[in-house]
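Trainee: Pasting in a structure now, in structure tokens, and then I'll have a few things to ask.
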Amino acid sequence: WSGRRSMDSAGFETALERFEHGLSFLNDDSYWETDYELMLNLTDSASLASYITTKSDALEHHVNQTLTHAKTILDMFNAYSVHVRSLCTRGFESDAISLVLSVVRVLGEDFEDLNS
């Protein structure tokens, strides 16, 4: 996992390149069926590296890949977390709040009054 070693040493640009390089070999959706944990770990790691390096287009892509293929809400957690932080960092706090409220609704709670 050279991408993880790069993240640990603060080489976030290099880490992102390595995660994306790994994903480029696994660009068929069927890998989500055969190598689910690997795909989840790679897309989560690529999302975080994209956030840290302020590559919002890459972040959106990796988050969407995770959310499209994740099997459980727990598997979606890291993608939602990074996405919310990215929205806040870019000044889209109301979008971040809306996203958090939508996730909370999936978990069975409803806070409609807080959204206005």
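The values are calculated or read from the model by the stated rules, or taken from the named source; none is laboratory data. All of these numbers come straight from a predicted model, not from anything done at the bench. Neighbour counts run over all protein chains shown; Cβ positions are idealised from the backbone, glycine included. Please note that ligands, DNA and RNA were not included when accessible areas were found on the heavy atoms of the full protein model with its side chains. Shrake-Rupley method; radii C 1.70, N 1.55, O 1.52, S 1.80 Å.
Trainee: Could you state the angle between the C-alpha long axis of helix 93-106 and the longest principal axis of the C-alpha atoms of the chain, as a value from 0 to 90 degrees rounded to the nearest 10?
Mentor: Roughly 90 degrees between the two axes.
Trainee: Under unit Cβ charges (Lys, Arg +1; Asp, Glu -1), what dipole magnitude, rounded to 20 debye, does the stretch 25-98 have relative to its Cα centre? Walk me through the intermediate numbers first.
Mentor: On the way: 4 positive and 11 negative charges, 68 e Å.
Charge dipole, the stretch 25-98, about its Cα centre: 320 debye, nearest 20.
Trainee: Now, a different point. How charged is the neighbourhood of residue 75? Take every other residue with its Cβ under 15 Å from the Cβ of residue 75, and add Lys/Arg as +1 and Asp/Glu as -1.
Mentor: Numbers: positive: 71; negative: 33, 35, 37, 44.
Overall, the nearby charge balance is -3.
Trainee: So what is the accessible area of the chain per residue, in Å², with the probe set to 1.4 Å? Walk me through the numbers before you get to the answer.
Mentor: Numbers: 6980 Å² over 116 residues.
With the other protein chains kept in place, the chain gives 60 Å² per residue.
Trainee: Residues with beta-carbon under 12 Å from that of residue 62, excluding residue 62: net charge, scoring Lys, Arg +1 and Asp, Glu -1? Walk me through the numbers on the way to the answer.
Mentor: Numbers: positive: 55; negative: 20, 44, 57, 60.
Its environment carries a net charge of -3.
Trainee: With all pairs of different alpha carbon atoms counted, what Kirkwood hydrodynamic radius in Å does the chain show? Intermediate values should be presented prior to the final figure.
Mentor: On the way: mean 1/r = 0.0676 Å⁻¹.
For the chain, inverting the mean 1/r across all distinct Cα pairs yields 14.8 Å.
Trainee: Can you tell me the 0 to 90 degree angle between the C-alpha axis of helix 12-24 and the longest principal axis of the chain, rounded to 10?
Mentor: Tilt of helix 12-24: around 80 degrees.
Trainee: Now, a different point. Pick out, in residue order, every one of the chymotrypsin sites (Phe, Trp or Tyr not before Pro) in the stretch 6-69 that is DSSP loop and has at most 13 other C-beta atoms within 10 Å; say none if there are none. Write down the numbers at each step before the final one.
Mentor: Details: sites: 12, 19, 25, 31, 32, 36, 51; in loops: 25.
Sparse-neighbourhood loop chymotrypsin sites (Phe, Trp or Tyr not before Pro): 25.
Trainee: Taking springs between alpha-carbon atoms closer than 10 angstrom, which of 69, 21, 83 fluctuates most in the Gaussian network model of the chain?
Mentor: Looking only at 69, 21, 83, the largest GNM fluctuation is found for 21.
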